[in-house]
Amino acid sequence: MRYLTFKNNDKMPALGLGTWKSAKGEVYEVVRKAIEIGYRHFDCAYFYGNEAEIGQAISDAIKNGEVTREELWITSKLWNNRHRKDEIQAAFDITLKDLGLDYLDLYLIHWPVALQYNIGYAQKGEDLISLNEIPLTETWRELIDLQEKRLTKHIGVSNFSIKKINQITEETGVMPEVVQVESHPFLQQKDLLNFAQEKGILLTGYCPLGSSDRPAARILADEPKLFQHEAILEIAKEKGVSPAQVMLAWAVNRGASVIPKSVNPQRLKENLEAADIELTANEMAKMSSLDLHYRYIKGDFWCLEGSDYTLENLWDE
């Protein structure tokens, strides 16, 4: 396994298991199997609704001597309806309790979007709160406080642009240590990756295989298909690996971490093994040419009439 190293020399496994859309009743067995296979990095979030089951799987694996807490890297995220400074500690405590842990390795702001306290998911503009009312800096300062209390070893952001990272850094003096964003061969995030590497920020890519299992309402009939692209299929054939392994290896070879999701034991194993596949300079160049700047998770579900969220100010593009 390759690792990404923080400034304090903590190491995060470059390939972890994503748990978004992992259903209650199945995620326990998936996490237990993943630990057995060799996974040590688990990406979680309060909003996924499955942290208690993940926590039970981790607890049972530790009790059985399959792994120690110190060997695991556990990430979670603050949901959008707990962005006010007086709401964040309680939200964090729920995640820590559900996961059955004394500390997190990494805690992220899930989206640069604020919701009303009693709203889990926005249906109308009034469900959203402008960032003029709850600035991202207010939320970020509370994550800094959690880190200073040693409740989480590292802090970062998810779905943030370079502009928003610069904003919270300039206003607090504390830079995020990780930025997690959608990233795959059709959305390579080259500018963000270059910026992150220059600043010493680690980048984690979600939806690294295109998220074909996302809600059907968010799938377009004419969207580009990663698993059908000739260049990916050619590299896979030449190396004797799967197309998924090519995409995951590409992510790791460029210095990012990646969190694919699977519930299939064979695919779990193949995904983990992808972190150790070396791609040649020519293969990396071929992959680099595939960038379409295409988002599968567009973020338009936040851009509701009556709010001031737009795709332009969400992604700052």
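The values are calculated or read from the model by the stated rules, or taken from the named source; none is laboratory data. For clarity, every value in this text was computed on a predicted model and none was experimentally measured. Glycine also receives a Cβ, built like all others from the backbone with ideal geometry; neighbour counts cover every protein chain displayed.
Looking at N118, is it at pLDDT 95 or above, of a type outside the set (A, V, I, L, M) and over 24 Å from D43 (Cβ atoms)? Full working, then the answer.
Details: at pLDDT 95 or above: no; of a type outside the set (A, V, I, L, M): yes; over 24 Å from D43 (Cβ atoms): yes.
For N118, the condition - at pLDDT 95 or above, of a type outside the set (A, V, I, L, M) and over 24 Å from D43 (Cβ atoms) - is not met.
For I58, state whether it is crowded, with 22+ Cβ neighbours inside 10 Å and not acidic (D, E). Here the answer is yes, as I58 does meet what is asked. A Cβ distance below 8 Å, combined with a sequence gap of six or more or placement on separate chains, defines the contacts here; from the range 288-317, residues that are closer than 21 Å to L209 by Cα and surrounded by 15 or more Cβ atoms within 10 Å (Cβ to Cβ) reach residues that are among the charged types (D, E, K, R) and at pLDDT 95 or above in the pairs R295/E182; Y296/E182; I297/E182. Of all residues in the range 128-163, those satisfying the criterion of being touching a His at 6+ places or on another chain (Cβ under 9 Å) and of a type in the set (S, T, N, Q) are T139, Q147, S158, N159. Restricting N282, N271, N264, N313 to residues that are farther than 17 Å from E182 by Cβ and either of a type in the set (G, A, S) or at pLDDT below 95 (or both) narrows the list to N264.
Counting the residues of the range 65-97 that are closer than 24 Å to R32 by Cα and not in a helix (DSSP H, G or I) gives 10. Residue count for the range 75-84 satisfying the condition of being among the hydrophobic types (A, V, I, L, M, F, W, C) and without any contact (Cβ under 8 Å) to a residue 60 or more places away in the chain: 1. Being at pLDDT below 95 and farther than 20 Å from G200 by Cβ is not true of G125.
Restricting to the range 98-111, give me the number of residues that are part of a helix (DSSP H, G or I) and among the hydrophobic types (A, V, I, L, M, F, W, C). The number of residues fulfilling the criteria is 1.
Filter the range 220-258 for residues that are assigned to a loop (DSSP other than H, G, I, E, B), farther than 26 Å from Y39 by Cα and either under 18 Å from the mean Cα position of the chain (by Cα) or without any contact (Cβ under 8 Å) to a residue 60 or more places away in the chain (or both) and give the result. I'd like the intermediate steps shown before the answer.
Residues of the range 220-258 that are assigned to a loop (DSSP other than H, G, I, E, B), as a first pass: 220-225, 229, 240-242, 254-256.
Remaining after also requiring farther than 26 Å from Y39 by Cα: 220-225, 229.
L220, A221, D222, K225, listed by residue number.
Among residues of the range 104-123 being surrounded by fewer than 15 Cβ atoms within 10 Å (Cβ to Cβ) and among the hydroxyl-bearing types (S, T, Y), the one that is nearest to E305 (Cα to Cα) is Y121. For the range 49-74, residues that are over 20 Å from E26 (Cβ atoms) and touching a residue at least 40 places away in the same chain (Cβ under 8 Å) total 1. I'm told N271 meets every condition in (1) in a helix (DSSP H, G or I); (2) in contact with a helix residue (DSSP H, G or I) (Cβ under 9 Å, 6 or more places away or on another chain); (3) of a type outside the set (A, V, I, L, M); (4) under 23 Å from N159 (Cα atoms) except one. Can you identify the failing condition by its number? So the condition that N271 fails would be (4).
Filtering A251, A275, A244 for residues that are in contact with a Ser or Thr (Cβ under 8 Å, 6 or more places away or on another chain) and either surrounded by fewer than 20 Cβ atoms within 10 Å (Cβ to Cβ) or not hydroxyl-bearing (S, T, Y) (or both) leaves a single hit, A251.
Taking the condition of being crowded, with 17+ Cβ neighbours inside 10 Å and either closer than 17 Å to E70 by Cβ or touching a Gly at 6+ places or on another chain (Cβ under 9 Å) (or both), how many residues in the range 15-30 meet it? Before you say what the answer is, go through the steps one by one.
Applying the first criterion (crowded, with 17+ Cβ neighbours inside 10 Å) to the range 15-30 yields 15-20, 22, 27-28, 30.
Going one step further and asking which of them are either closer than 17 Å to E70 by Cβ or touching a Gly at 6+ places or on another chain (Cβ under 9 Å) (or both), we end up with 16.
Residues in the range 15-30 being crowded, with 17+ Cβ neighbours inside 10 Å and either closer than 17 Å to E70 by Cβ or touching a Gly at 6+ places or on another chain (Cβ under 9 Å) (or both): 1 in total.
Return the only residue of I144, I155, I168 being of a type outside the set (G, A, S), under 21 Å from the mean Cα position of the chain (by Cα) and surrounded by fewer than 18 Cβ atoms within 10 Å (Cβ to Cβ). Walk me through it before giving the result.
On the way: I155 fails: surrounded by fewer than 18 Cβ atoms within 10 Å (Cβ to Cβ); I168 fails: surrounded by fewer than 18 Cβ atoms within 10 Å (Cβ to Cβ).
From the options I144, I155, I168, the qualifying one is I144.
For I74, state whether it is touching a Lys or Arg at 6+ places or on another chain (Cβ under 9 Å), among the β-branched types (V, I, T) and modelled with pLDDT of 95 or more. Full working, then the answer.
Working: touching a Lys or Arg at 6+ places or on another chain (Cβ under 9 Å): no; among the β-branched types (V, I, T): yes; modelled with pLDDT of 95 or more: yes.
So I74 does not fit the description; no.
When K261 is tested against (1) over 27 Å from F160 (Cβ atoms); (2) touching a Leu at 6+ places or on another chain (Cβ under 8 Å); (3) not small (G, A, S); (4) not in a helix (DSSP H, G or I), exactly one condition is not met: (1).
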